[in-house]
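Input: one structure, supplied below.
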Amino acid sequence: MYSYTEFDDKFLAERNAQFRAQVERRIDGSLTEDEFKPLRLMNGLYLQLHAYMLRVAIPYGTLNSAQMDQLAYIAERWDKGYGHFTTRQNIQYNWPELRDVPDMLDALAEVKLHAIQTSGNTIRNVTADHFAGAAADEVADPRPVAELIRQWSTDHPEFQFLPRKFKVAVTGAAADRAVIKAHDIGLRIVERDGQQGFEVIVGGGLGRTPMIGKVLYDFVSADDLLPTLEAIVSVYNVLGRRDNKYKARIKITVHENGIEDIRARVDAQYALIRSQFTGVDQQMLSRIEADFAAPEFKTASLAAYESAYTNDPVFRAWADTNLAEHRAPGYAIVSISLKAHGATPGDATADQMRVMADLARRFGHDELRISHEQNVILPHVHRSDLPELHAALKEAKLATANIGLISDIIACPGMDYCALATARSIPIAQEIATRFDELKLEHDVGPLKIKISGCINACGHHHVGHIGILGLDRAGVENYQITLGGDGTENASIGERAGPGFSAEEIIPAIERLVLGYLDLRNDPSETFLQAYRRLGLAPFKAALYPETASKDQANAA
């Protein structure tokens, strides 16, 4: 992991001291809420529906056990004993008292964490593939360059007041596990003629106007990456619209001007600024890369793992869904589900955080990752340790075998917490998971991604869900629209709206009809929901969702 320097520690201490003074002035009335708002947002502090919410950055989703332990301590000491892991690899505390926030930030700084740039119209927390440094299909670990981008963008004097928030994601593999095509800038490490570089994608995003990003450059060398990013964001900073916040994201800038025009402007800006990058960034990258050296992997007998896999059906079901291929022989990547049936997606109690930290220490080379799908990853676990690790996860109610299945739902906080939401998300996710657990169909259904948002801002990524659910307010009543065929991978696509929405009472039966309809439509159990949808199109799935309309159509045709 990246090791903070003396400069980093001093910067955090000074920043926290400044904010402590600002909080004191807000509490004694010297600052009004309007005056305080831009100051608190610069430090990740929101004012939500019921209370303040502190959003803590977890850069590229990477933590060590001491950091996870500290997140647990903060949850117990200043919140209600749990934290919420988000789709952008952050953790949110939903109930802090304003007077306690400076102490929370100091506690975070003790383990090299902070809440800077988790809000505001600036470059947000840089995200990355949650299997980084471990995946068998990886070209290179994306975290060193993500850390370089973090350092370049933090407190960047030109980019603190962009037209809107700006999100960057990085992956080092052909398989996109970072949803790079739905980010303002998506970067994929690629190789050409034996040289590593970057495919640069711009103008992706979800929200009110969902768009898949476009390739700006198919190859940018490593030493040209930062000047290229600087040129892109500079062009956006000037060209991006500030007259309408709903048209201010770079996706609209790219759409209105065209990718060729944007490329010409970026090329021109690049030519102007390239000489300012003298190679210091590459020296920094070399130092950062040393911090991300792979751990020393061990060799051991696989007998215990093979015995458990053969003889224990519960372990086997968990291994089949929650393990991924590791690049080192004998190792596996473990996904810990934070989606127990009926639980709030992404929530972990302080005790569960401590269990995960302890398991990382004992079995995982002291590394944890947070996924954009709101789960926790142990990236390096030898398979000989998996039976013992699984037993510990079961004890902590963290062994749900559902990664990638229907109950592994992404859900935003919705109207239970968020001031922007117009419908509830969490209860819908809980009821879907509970219903399919009752039906015992989850493993028969196979890979299926449901994503739920409680408003048009799409924090639950519903546009790229195989089944997307968007909760809206319709004349004071919650209404849930369904989109189908969305995909957040390297084959990214925006889901297609199926038809009229459903009430809160109707949405669970509608999802059940849809999934049962898929089971009838698929060629065989190997054909996934998304594959069947792409083969058949919307019509048969729509007929399953709206059986009365389908019956009327059939009657009229007769």
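The values are calculated or read from the model by the stated rules, or taken from the named source; none is laboratory data. All values derive from a computational prediction rather than experimental measurement. FYI the Cβ positions are ideal-geometry reconstructions off the backbone, even for glycines, and counts take in every protein chain you see. SASA here: full protein model, heavy atoms, side chains in, ligands and nucleic acids out. Shrake-Rupley method; radii C 1.70, N 1.55, O 1.52, S 1.80 Å.
How big is the gap, in Å, between the Cα center of region 285-352 and the Cα center of region 5-78?
Computed from Cα coordinates, the inter-centre distance equals 31 Å.
Keeping all protein chains in position, work out how much accessible area Val111 exposes to a 1.4 Å probe, and write it in Å² to the nearest 10.
Per-residue accessible area (Val111): approximately 20 Å².
Then there's this: Once label points are set 7 Å from the Cα along Cα→Cβ at both Thr299 and Arg192, what is their separation, rounded to one decimal in nm?
Here the answer is 4.0 nm between the modelled labels.
Quick check on region 259-380: what are the equivalent-ellipsoid semi-axes from the Cα gyration tensor, as sqrt(5λ), descending, whole Å?
40, 21, 16
Which listed residue (Gly346, Leu393, Gly404) has the Cα farthest towards the positive end of the charge dipole for region 300-450, taking +1 on Lys and Arg C-beta and -1 on Asp and Glu C-beta about the Cα centre?
Final value for the positive-end residue is Gly346.
If Thr122, Thr310, Thr422, Thr299 are ordered by their accessible area, calculated over protein heavy atoms with a 1.4 Å probe, which sequence runs from highest to lowest?
The most accessible residue leads, giving Thr299, Thr310, Thr422, Thr122.
Taking 8 Å as the Cα distance limit and 6 or more residues as the minimum spacing, I'd like the relative contact order of region 432-558 as a percentage.
For region 432-558, the relative contact order is 18 percent.
Given the C-alpha centroids of region 96-143 and region 506-531, what is the distance between them in whole angstrom?
37
At q = 0.20 Å⁻¹, what log₁₀ I(q)/I(0) does region 1-68 have when each alpha carbon counts as one equal point scatterer in the Debye sum?
The computed values of log10 I(q)/I(0) come out as -0.97.
Restricting attention to region 98-188, which chymotrypsin sites (Phe, Trp or Tyr not before Pro) occupy a DSSP loop and are surrounded by at most 14 other Cβ atoms within 10 Å?
Phe161
For region 188-321, what class follows from the C-alpha gyration tensor (a ≥ b ≥ c being the square roots of its eigenvalues): rounded when a/c is under 1.5, otherwise prolate if a/b is larger than b/c, else oblate?
Here region 188-321 falls in the oblate category.
Ratio of alpha-carbon Rg to the 2.2 N^0.38 Å globular estimate for region 358-466, to two decimals, please.
Rounded to two decimals, the normalised Rg is 1.23.
Here are some pairs, Lys37/Lys247; Lys181/Lys451; Lys165/Lys449; Lys80/Lys181; which of them have Cα atoms lying more than 28 Å apart in this structure?
Lys80/Lys181
Hey, another quick one. Regarding the chain, what's the average projected area of the Cα-atom convex hull, expressed in nm²?
27.4
May I ask for the Rg/Rh ratio of region 445-558, computed from Cα atoms with Rh as the Kirkwood radius, given to two decimals?
Values: Rg = 14.2 Å, Rh = 14.5 Å.
The Rg/Rh ratio comes out at 0.98.
Taking the square root of 5 times each eigenvalue of the Cα gyration tensor, what semi-axes in Å does the equivalent ellipsoid of region 110-227 have, largest first?
For region 110-227, the ellipsoid semi-axes come out as 22, 17, 14 Å.
In addition: Would you mind finding the longest exposed-site-free stretch of the chain, with exposed trypsin sites (Lys or Arg not before Pro) meaning DSSP loop and at most 14 other Cβ atoms within 10 Å?
Details: sites that count: Lys80, Arg208, Arg242, Lys298, Lys397, Lys440.
No qualifying site falls inside 81-207, the longest such stretch.
Once you order the gyration tensor axes a ≥ b ≥ c over the Cα atoms, which shape class does region 220-291 get: rounded for a/c under 1.5, otherwise prolate or oblate by comparing a/b with b/c?
prolate
Sequence gap at least 6, Cα distance under 8 Å: using those rules, report the relative contact order of the chain to the nearest whole percent.
12
Could you compute the net charge surrounding Arg354? Neighbours are other residues with a C-beta less than 10 Å from the C-beta of Arg354; K and R count +1, D and E count -1.
Local charge sum for Arg354: -4.
Given a 1.4 Å probe, how much area per residue of the chain is accessible, in Å²?
Spelled out: the 1.4 Å probe surface of the chain, per residue, equals 40 Å².
Mind jotting down the three principal axis lengths of region 43-162 based on Cα atoms? Whole angstrom, largest first.
Reported extents, whole Å, longest axis first: 45, 35, 26.
Ok, one more. Working out 0.36 nm times the residue gap between Val139 and Ala475, then minus their Cα-Cα distance, what length gain in nm do you get to one decimal?
Contour length minus the Cα-Cα distance gives 115.9 nm.
Among the GluC sites (Glu not before Pro) within region 113-167, which fall in a DSSP loop and have no more than 13 other Cβ atoms within 10 Å of their own Cβ?
Qualifying residues, ordered by number: Glu158.
Here's something else I'd like to know. Given a cut-off of under 8 Å on Cα pairs at least six residues apart, what relative contact order in percent is computed for region 49-101? Display every interim value, and only then the final one.
Values: 67 pairs, mean separation 26.0, N = 53.
Relative contact order here is 49 percent.
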